[in-house]
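Chemist: For reference, the structure I am asking about is given below.
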Amino acid sequence: MRYKILTVDDSKTVRIIVKKAFRLYDCDILEAANGVEGLAVASKESPDAILLDVTMPVMDGVEMLTRLKSDPALKNVPVVMLTAEGGRDNVLKIAKIGVRDYIVKPFKEDVLIQKVGRIIDLKPLDATPSKAKSILDEANLVVIEDKPAILQQIQDGLRHTPWKVHGMASTTEALDFCAKTPPDLVMVSLSLPDESAFTFFRTIRNNPKHKYTPVFGLVVKTDNAAQQQAQQVGFTALATKPLDMTEVESKIAKAMNLDTSHRYFNMDSGILTLAIPDNPTQHVINEITNYLKPKITEAVDAGIGKAIINVQALKRLDMTIIKVLFQAMQTCRELALHFCLVGNPAIIAECKGFEDTRNWQFYNSLEEAQASLGAISVTSSSA
Amino acid sequence: MATLHEINETAFRETITRAVQDVFKTMIGQSAVHANANEDHNLKSLAINGSQVVGSVGFIGDINGLIYLYFSQDFAQEAAGSLLGMTTQEIVESGDEVVNDAIGELTNMTVGAFKNQLCDRGYPCRLTIPSILRGSNFSIEPIGSTTRRVYRFNIGRHTLVADILMKPADAIDA
C-alpha cells in the first residue's frame, strides 16, 4: 500500500518542493491550496499524514487543524505544521490543538523526510522488490573502525570483490559521508568510545534514506554483552573478531540480497558450467544447492541444452559435495541437459574409491569436455 | 508592552541579515553577504532601477510592519529555478506566475524568519499573505509615522534589497 501525504499550502512553490522531496519515496502526494480544500481532500482520501501551512487565504491552518481534530473520522490523521510562523507563542498555541510535529520554514528536504519518516514507514522507491543486484556489481561499504589493522584486514579481504570499502575512524565522519553518498552497507565497531556505534545506529535508522541499509556490528567474539545489545537494537548482523573474511563476505552478500550465483554458474557459448570452488564451506554448498534448479531451468529457458560440472579446483571430497554433485546431475537429467564432469586426478581417484561414485566419468580439462559436448551437438543435429 | 525604539540598529541589522542568510542558504544554496556600504536608514525616497519582481509580506501584532524584497528580473528567475529544481529555460517557459509564486514564498520565509526573531524578543506578531509587484524604476516613499530601514545583500552576482517599514502597535491609527 502506498502512503498518502497531503500538503496544504497556498504556495504552489511549497507544494512543488514537497513533491520533489518525496519523489524518491514510495508515496503519493496530494495537494490542497487552503484549509477548505484540505478538509475536502482529507475526507475523500484519508491521508496518512498532513503537512499544513498556517497562513492561508479562505481558511487558515489553525482553523483547518481545529476542524480536523473535531471530526471523528479525521482526528487521528497525524499533522505536521510546515510554516513560516515559528515564534514560541505560535508554536505553543498550535501544539495545544494537537500537532505531531512542527517544521519552520526555511527547511531542508532532509528534515521534511525525517519528520514524516517518523510518522509513516517511508520506503525509498528502490527498496521495493526488484531484481536483486549481483555479486558482480559495484557497492559502497562504509567501515567505521578505530583500529587500523582491522580496517586493513577488511579492505584486503574484500579487495577481490567489486565493492569499494570506505574506512572511517569515527561515526561523525561516517555520518557526513552517508549524507553525501548513501552506502549499500555499513560496518561499525561496537567498541568505539561512548557507545557511539549504538548512537550512530539510531541516527541512521531514524533517517528514511538509511532505514533499510544493512548495518553490521564489528565485535570481539567474547564480548557477549555488546553482541546482545546489538541484537536487541536491531543490527542486521554481527561480524566477530578475529574476522573470517570468507564468512564476512558471505554475510555481506546475503544482507545486500545479492545474486551470488555468478560465483558458481556461468552460461557461455551454449553451455552452462557449474564450478565448485576449491574448499567449499557448508554455506557455499547451501548456496549452490539453492541455485541449482533455478539456474539449470534458466539455462533451459535460454535455449541451452549442455552443462559441465567442474570440480577441477576441488581439493577434497566429502559427503556434502557428493550430494550436491548427485543433485546437479539429477536435475540435468530431469531437464534433459547433456552434461559431463571435469575433475582433477586426486578427486577422480577419490571418486573411484566410493561405491556410489566409482562409475562417474570425468574429463581432465574443460576443453575436452567442451569438445565432447560439441560432438553431442553435431551428432544430434546430423541424426 | 515593548516599544519599537527599544530595538537598536544593530539588532535590526542582525535580525534581517540572519533571516536573509538562513533562507537563501537553505532554500537555494546561495550565501548572502550584507553590503554595509549601501546601508540606508530613514530614507525619504528609495529608488530601484531596472525590471523588478518585488515580494512583500506584512506582520501584525505588537509591531506592525511590511518588508519588501526587490529582485531583479534575472535574479527572480534564477532564484525560482533553484528553489523549484528547474532550469532557467524551464522557468521562462513556465511563465511569470511560477516566478511570482516562488518569490512570494522566498519573501514569506524571509519575513517569517525576521518576525519570528522579533516574537522571541518579546514582540508577538503574525504574518500576512504574500503579494507580488512587478515593474521598473521604482521610487518608494513611506508615510511619515513609519520607521524605515533599507539593507542590501550581495547574493551571487545579484543584489537583493530589503526595505523594512515598521511602526509600533500603538501607532496603528495614527
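The values are calculated or read from the model by the stated rules, or taken from the named source; none is laboratory data. All figures in this text were calculated on a predicted structure; none of them were measured in a lab. Because the Cβ atoms are built from the backbone with ideal geometry, glycine has one as well, and the counts that use them run over all protein chains shown. Quick note on the areas: whole protein, heavy atoms, side chains included, nothing else; ligands and nucleic acids left out. Shrake-Rupley method; radii C 1.70, N 1.55, O 1.52, S 1.80 Å.
Chemist: Sum -39500 (n - 2.57) across every DSSP H segment of at least 4 residues in chain A, then divide by the residue count to get the 222 nm mean residue ellipticity, nearest 500.
Modeler: After summing the helix terms and dividing by residue count, I get -13000 deg cm²/dmol.
Chemist: Out of residues 5 or more away from residue A:139 or on other chains, whose amide H comes under 5 Å of its own, with H placed 1.01 Å from N in the peptide plane?
Modeler: The list, which skips near neighbours in sequence, is A:163, A:164.
Chemist: What's the angle, to the nearest 10 degrees (0 to 90), between helix B:9-28's Cα axis and the longest principal axis of chain B?
Modeler: Around 30 degrees separate the two axes.
Chemist: Alpha carbon centre of region B:114-135 versus region A:61-82: separation in Å?
Modeler: What the calculation gives is 25 Å, centre to centre.
Chemist: Mind telling me which of A:76, A:140, A:266 comes out most flexible in a GNM of chain A, alpha-carbon contacts under 10 Å?
Modeler: In this elastic network of chain A, the residue with the biggest mean-square fluctuation among A:76, A:140, A:266 is A:76.
Chemist: Taking N as the number of residues in region A:261-376, what is its alpha-carbon radius of gyration divided by 2.2 N^0.38 Å?
Modeler: 0.98
Chemist: Would you grab the residues whose amide H sits under 5 Å from the one on residue A:4? Only those 5+ places off in sequence or on another chain, please, with H modelled 1.01 Å from N.
Modeler: Counting only residues 5 or more places away or on other chains, the set is A:28, A:48, A:49.
Chemist: Report D for region A:3-118 in µm² per second (integer): Stokes-Einstein, Kirkwood Rh on Cα pairs, 20 °C, 1.002 mPa s.
Modeler: Value of D from the Cα-based Kirkwood radius: 155 µm²/s.
Chemist: Could you order A:295, A:96, A:211 by accessible surface area, starting with the largest, using a probe radius of 1.4 Å?
Modeler: A:96, A:211, A:295
Chemist: How many percent of all Cα-Cα pairs in region A:139-256 sit more than 19 Å apart?
Modeler: Of all Cα-Cα distances in region A:139-256, 38 percent exceed 19 Å.
Chemist: Which value, in square angstrom to the nearest 100, describes the accessible area buried between chains B and A on both sides, using a 1.4 angstrom probe?
Modeler: Buried area between the two chains comes out at roughly 1800 Å².
Chemist: Would you mind telling me which residue in A:209, A:69, A:115 has the biggest mean-square fluctuation in a Gaussian network model of chain A, where springs connect alpha carbons within a distance under 10 angstrom?
Modeler: Of A:209, A:69, A:115, the most mobile in the Gaussian network model is A:69.
Chemist: Pick from A:343, A:270, A:87: which residue has the top mean-square fluctuation in a GNM of chain A where Cα pairs under 10 Å get a spring?
Modeler: Most flexible of the set in this elastic network: A:87.
Chemist: Could you work out [θ]222 nm for chain B from helices alone, using -39500 (n - 2.57) per DSSP H run of at least four and dividing by all its residues? Round to the nearest 500 deg cm²/dmol.
Modeler: Calculated at 222 nm, the ellipticity per residue is -12000 deg cm²/dmol.
Chemist: Counting GluC sites (Glu not before Pro) as exposed when in a DSSP loop with at most 11 other beta carbons within 10 Å, what is the longest stretch of chain A free of them?
Modeler: A:139-354
Chemist: Note down the net charge around residue A:15, summing +1 for each Lys or Arg and -1 for each Asp or Glu among other residues with Cβ under 11 Å from its Cβ.
Modeler: -3
Chemist: Output the Kirkwood hydrodynamic radius of chain B, Cα pairs only, in Å rounded to one decimal.
Modeler: So the Kirkwood estimate lands at 16.3 Å.
Chemist: Also: Anything in chain A that counts as a DSSP H helix reaching 18 Å or more along its axis (C-alpha) with Kyte-Doolittle mean of at least -1.0? List them, would you?
Modeler: Helices passing the filter in chain A: A:282-301, A:319-334, A:366-382.
Chemist: Moving to a separate point now. Got a sec? What order do B:62, A:194 fall in by accessible area at 1.4 Å, biggest, i.e. largest, first?
Modeler: A:194, B:62
Chemist: Note down the net charge around residue B:119, summing +1 for each Lys or Arg and -1 for each Asp or Glu among other residues with Cβ under 13 Å from its Cβ.
Modeler: Charge balance in the 13 Å sphere: +1.
Chemist: Now a separate question. What do you get for Rg/Rh over the protein assembly as shown if you use C-alpha atoms and the Kirkwood form of Rh?
Modeler: Ratio value, two decimals: 1.16.
Chemist: Just to be sure I understand: of the beta bridges DSSP finds with both ends in chain A, what percent are antiparallel, rounded to 5?
Modeler: 10
Chemist: Expressed as cubic angstrom per residue, what is the convex hull volume of the alpha carbon set of region A:178-218?
Modeler: About 61 Å³ per residue, rounded to a whole number.
Chemist: Where only protein heavy atoms count, and the probe is 1.4 Å, what is the accessible area per residue for chain A in Å²?
Modeler: 49
Chemist: Have a look at A:319, A:11, A:83 and report the one farthest towards the positive end of the charge dipole of the protein assembly as shown, computed about the Cα centre with Cβ charges (Lys/Arg +1, Asp/Glu -1).
Modeler: Going by the Cα projections, it comes out as A:319.
Chemist: Can you give me the Kirkwood hydrodynamic radius for region A:253-308, using every pair of distinct Cα atoms, in Å to one decimal?
Modeler: Taking every pair of different Cα atoms in region A:253-308, averaging 1/r and inverting gives 11.9 Å.
Chemist: Of all accessible surface on region A:158-259 at a 1.4 Å probe, what whole percent is carbon and sulfur?
Modeler: Roughly 50 percent of what the probe reaches on region A:158-259 is carbon or sulfur.
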